[in-house]
Amino acid sequence: MNQTEYKHELIMPNDSIPVKIFSFSAHNDLRIIPSHWHRSAEILYVRRGKLNIWMNKRKYELNRNDFIYINSKEVHSTQSPEDNEVIVLQIPGDFLKTFSNNESLYIHCNTLELKDNKIFSAMRELLYQMYLYKNQQVFPSHFCCKQTPIDHLMTVIMDFFLFSCLNNPD
């Protein structure tokens with residue numbers, strides 16, 4: 001698909017961290033985000049309910065505890081077919097470069113196509129913890145390390161995706 005045919009969404013990171021993380025809840029099937037793209041990679045994690053995603057001429061139906069990685073510049077749209085809660089992590093291309101030396105690193109990973117495992121359970125927990133503590137300068141003691149908490153969490157998340165998803169092709 002030609003990106004110029006679709007709306008470009010400009011992603012602005014949260015004030016205190018170099019990524020944007022937020023959640024949304026829908027209460028009926030009227031919540032539709034039309035086809036768009038952005039320079040940020042995006043992880044959508046369904047905490048409750050369902051979420052439909054259209055990407056690469058394919059529909060993905062995510063249920064509770066499913067997540068999907070959407071690559072930078074990939075045209076996609078979403079629809080909430082029922083009451084849901086979704087955590088969204090958007091990772092700007094410049095920040096991706098600090099972990100991969102490539103803002104356009106292509107990763108194919110979702111819980112619909114790859115077998116669920118301990119890594120995915122850890123990913124869910126990290127995404128949720130990152131969401132809970134996004135506005136705090138100090139994270140719980142079990143996150144202590146030499147890196148800042150957000151850098152630590154992002155390193156772990158990127159390691160999960162790079163090692164789990166790149167080593168499990170379609």
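The values are calculated or read from the model by the stated rules, or taken from the named source; none is laboratory data. Predicted model only: the values in this text are computed from it and were never measured. Heads up, the Cβs are rebuilt from the backbone with ideal geometry, glycines too, and the neighbour counts pull from every protein chain shown. Heavy atoms of the whole protein, side chains included, go into the accessibility calculation; ligands, DNA and RNA do not. Shrake-Rupley method; radii C 1.70, N 1.55, O 1.52, S 1.80 Å.
Of all residues in region 113-122, those that are modelled with pLDDT of 70 or more and either surrounded by 14 or more Cβ atoms within 10 Å (Cβ to Cβ) or on the phi > 0 side of the Ramachandran plot (or both) total 3. Considering only residues that are open to solvent by 10 Å² or more (accessible area, probe 1.4 Å) and in a strand (DSSP E or B), look in region 79-95 and name the one that is nearest to L126 (Cα to Cα). The qualifying residue nearest to L126 (Cα to Cα) is E85.
Yes or no, residue by residue, for (1) surrounded by 16 or more Cβ atoms within 10 Å (Cβ to Cβ); (2) part of a strand (DSSP E or B); (3) modelled with pLDDT under 90; (4) of a type outside the set (S, T, N, Q):
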{"position": "M1", "(1), (2), (3), (4)": "no, no, yes, yes"}
{"position": "T4", "(1), (2), (3), (4)": "no, no, yes, no"}
{"position": "M12", "(1), (2), (3), (4)": "no, no, yes, yes"}
{"position": "R39", "(1), (2), (3), (4)": "yes, no, yes, yes"}
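Across region 17-37, what is the total count of residues that are surrounded by fewer than 20 Cβ atoms within 10 Å (Cβ to Cβ) and touching a Gly at 6+ places or on another chain (Cβ under 9 Å)? Going through region 17-37 one residue at a time, the tally reaches 1.
Scanning region 14-37 for residues that are under 16 Å from Y131 (Cα atoms), hydroxyl-bearing (S, T, Y) and part of a strand (DSSP E or B) yields S23, S25. All conditions in (1) among the hydroxyl-bearing types (S, T, Y); (2) touching a Lys or Arg at 6+ places or on another chain (Cβ under 6 Å); (3) modelled with pLDDT under 65 hold for S80, with the sole exception of (3).
Of everything in region 58-76 that is assigned to a loop (DSSP other than H, G, I, E, B) and under 17 Å from P34 (Cβ atoms), the residue that is most open to solvent (accessible area, probe 1.4 Å) is K73. Taken together, the residues in region 41-57 that are surrounded by 14 or more Cβ atoms within 10 Å (Cβ to Cβ) and at pLDDT below 90 amount to 1.
Count of region 14-37 residues, restricted to those that are under 22 Å from T98 (Cβ atoms), among the aliphatic types (A, V, I, L, M) and at pLDDT below 85, is 2.
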